[in-house]
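The values are calculated or read from the model by the stated rules, or taken from the named source; none is laboratory data. Keep in mind it's a predicted model, so treat the numbers as computed, not measured. Don't worry about glycine lacking a Cβ; one is built from the backbone with ideal geometry, like all the others, and counts go over all protein chains shown.
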Amino acid sequence: MNSLLRRLLSQPWVWSYLGALLVWLAAIVFTHGYGAGGMISAGLALAVFSVITGVAQMFVITLGPGNVDLSLPANIGLASAVAMKVMGGSDSLIALGLGAALVSGIGIGVGNYLLIWLLRIPPIIATLSASFIIQSIGISYGRGLQIKPPPGFAEFTTVQLAGVPLLAIGTVVLTLGFAVLLHRTIYGRSVLAIGQNPRAAWLAGIAVERTRCFTYLLSGALGGICGALLAGYFRGSSLDIGDEYLLASIALVVIGGTSVSGGKANVTGLWGAGLFLVLLLTMLNTFGVSAGIRYVVTGLVIIGVIVAAGGEKAR
């Protein structure tokens, strides 16, 4: 029993769940137990969007040092406008709107990869540059856009089953699928191998560039879907609707147990990290803490996790 407990605690993702539990208990003490269940339901609902962007960022970061998708916020903002404009408030156009958001995200993923591959621009610079272009397109496309989501789509993003958001249940199934993709498929193992040593992966016969291309397309697609879902949840699109998910997605990757140096990823920890951050920010809001302090706290948490994981040496 003791060995099992030690083995469990040695897994980095466990600490994200323990952190979420401690924050929840602290919030219960502060509110004297009022709204404890509602806090979990709200936490799950808001964590969905962080987890989706966290999965996207996790696959990119796992490719190795320097790989990060800084275009996610702009991608989400543009996709939210595209989805709402295509849906036009009609339930019969929900599928078409989601498809349009998906195509928008995939297009951004293709653009990111082409900047990296054709122009040999470092990923962090390429995706940052792309974000400015995407924002410009979003401003010209979505300025003044005040289209509400279809009633059925808005209800879907908020409906609950036994107090658990339906969207959270669907996202759990989605993350399980991505865990299988990462650890049980040739593509996922190729991502891990490239993150550990790109040259060794190439010598082993892995299609390095094809894997990188698919990874940036996957990140773009998830960003597009997230934008559409956010527009439904918040009852409308906005070009800055995804701004908070750049820091949040990176934080989830780090806190959830994925190595920032690449080659090691953990899907399980994303939900623990997502709940931890959402509950932490909820508690800080309850205390009346300003937005600036909340960002500082989030940054310190990321730094603390990186420092704590710094003792692990590369083999």
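Quick notes on this structure:
- If the condition is being surrounded by 13 or more Cβ atoms within 10 Å (Cβ to Cβ) and farther than 13 Å from PHE49 by Cα, then region 153-165 contributes PHE153, ALA154, GLU155, PHE156, GLN160, VAL164.
- Just so you know, in region 64-107 the residues that are farther than 9 Å from GLY224 by Cα, within 16 Å of the chain's Cα centre (by Cα) and of a type in the set (A, V, I, L, M, F, W, C) include one that is surrounded by the most Cβ atoms within 10 Å (Cβ to Cβ), and it is ALA74.
- Meets criteria (out of contact with any His (no Cβ under 7 Å at 6 or more places or on another chain), part of a helix (DSSP H, G or I) and either more than 28 Å from TYR233 (Cα to Cα) or among the β-branched types (Val, Ile, Thr) (or both)) for ILE147: no
- Within region 266-315, the only residue that satisfies the criterion of being β-branched (Val, Ile, Thr), outside any helix (DSSP H, G or I) and modelled with pLDDT of 80 or more is VAL267.
- Filtered by the rule that a residue be surrounded by 24 or more Cβ atoms within 10 Å (Cβ to Cβ) and over 26 Å from ALA291 (Cβ atoms), region 247-268 gives GLY257, THR258, ALA265, VAL267.
- Number of the condition not met by ALA45 [criteria: (1) at pLDDT 85 or above; (2) small (Gly, Ala, Ser); (3) farther than 25 Å from VAL159 by Cα]: (3)
- Of note, VAL180 satisfies the criterion of being loosely packed, with under 13 Cβ neighbours inside 10 Å and either at pLDDT 90 or above or under 23 Å from GLY109 (Cβ atoms) (or both).
- Filtered residue count, region 202-238, keeping only those that are at negative phi and not in a helix (DSSP H, G or I): 6
Conditions tested, residue by residue: (1) without any contact (Cβ under 8 Å) to a residue 24 or more places away in the chain; (2) on the phi > 0 side of the Ramachandran plot; (3) outside any helix (DSSP H, G or I).
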{"residue": "VAL51", "(1), (2), (3)": "no, no, no"}
{"residue": "MET58", "(1), (2), (3)": "no, no, no"}
{"residue": "ASN67", "(1), (2), (3)": "no, no, yes"}
{"residue": "LEU70", "(1), (2), (3)": "no, no, yes"}
{"residue": "ALA83", "(1), (2), (3)": "no, no, no"}
{"residue": "VAL103", "(1), (2), (3)": "no, no, no"}
{"residue": "ILE116", "(1), (2), (3)": "no, no, no"}
{"residue": "ALA126", "(1), (2), (3)": "yes, no, no"}
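- With respect to the conditions (1) on the phi < 0 side of the Ramachandran plot; (2) at pLDDT below 95; (3) surrounded by 16 or more Cβ atoms within 10 Å (Cβ to Cβ), PRO122 falls short on a single one, namely (3).
- Among residues of region 17-42 being modelled with pLDDT of 80 or more and not aliphatic (A, V, I, L, M), the one that is farthest from the chain's Cα centre (by Cα) is TRP24.
- Filter result for GLY138 (out of contact with any Asp or Glu (no Cβ under 8 Å at 6 or more places or on another chain), in a helix (DSSP H, G or I) and within 30 Å of VAL82 (Cα to Cα)): yes
- Scan of region 150-190 for residues that are in a helix (DSSP H, G or I) and of a type in the set (Gly, Ala, Ser), ordered by number: GLY152, ALA154, ALA168, GLY170, GLY177, ALA179, GLY188, SER190
- Any chance ILE139 is under 27 Å from VAL278 (Cβ atoms), among the hydrophobic types (A, V, I, L, M, F, W, C), modelled with pLDDT under 95 and surrounded by 12 or more Cβ atoms within 10 Å (Cβ to Cβ): no
- Of all the listed residues (ILE116, ILE134), the sole one being hydrophobic (A, V, I, L, M, F, W, C), crowded, with 17+ Cβ neighbours inside 10 Å and under 19 Å from ALA79 (Cβ atoms) is ILE134.
- Selection within region 11-42 - closer than 11 Å to VAL278 by Cβ and either touching a Pro at 6+ places or on another chain (Cβ under 6 Å) or crowded, with 24+ Cβ neighbours inside 10 Å (or both): ALA20
- Region 69-114, subset β-branched (Val, Ile, Thr) and in contact with a Ser or Thr (Cβ under 9 Å, 6 or more places away or on another chain), residue farthest from SER238 (Cα to Cα): ILE108
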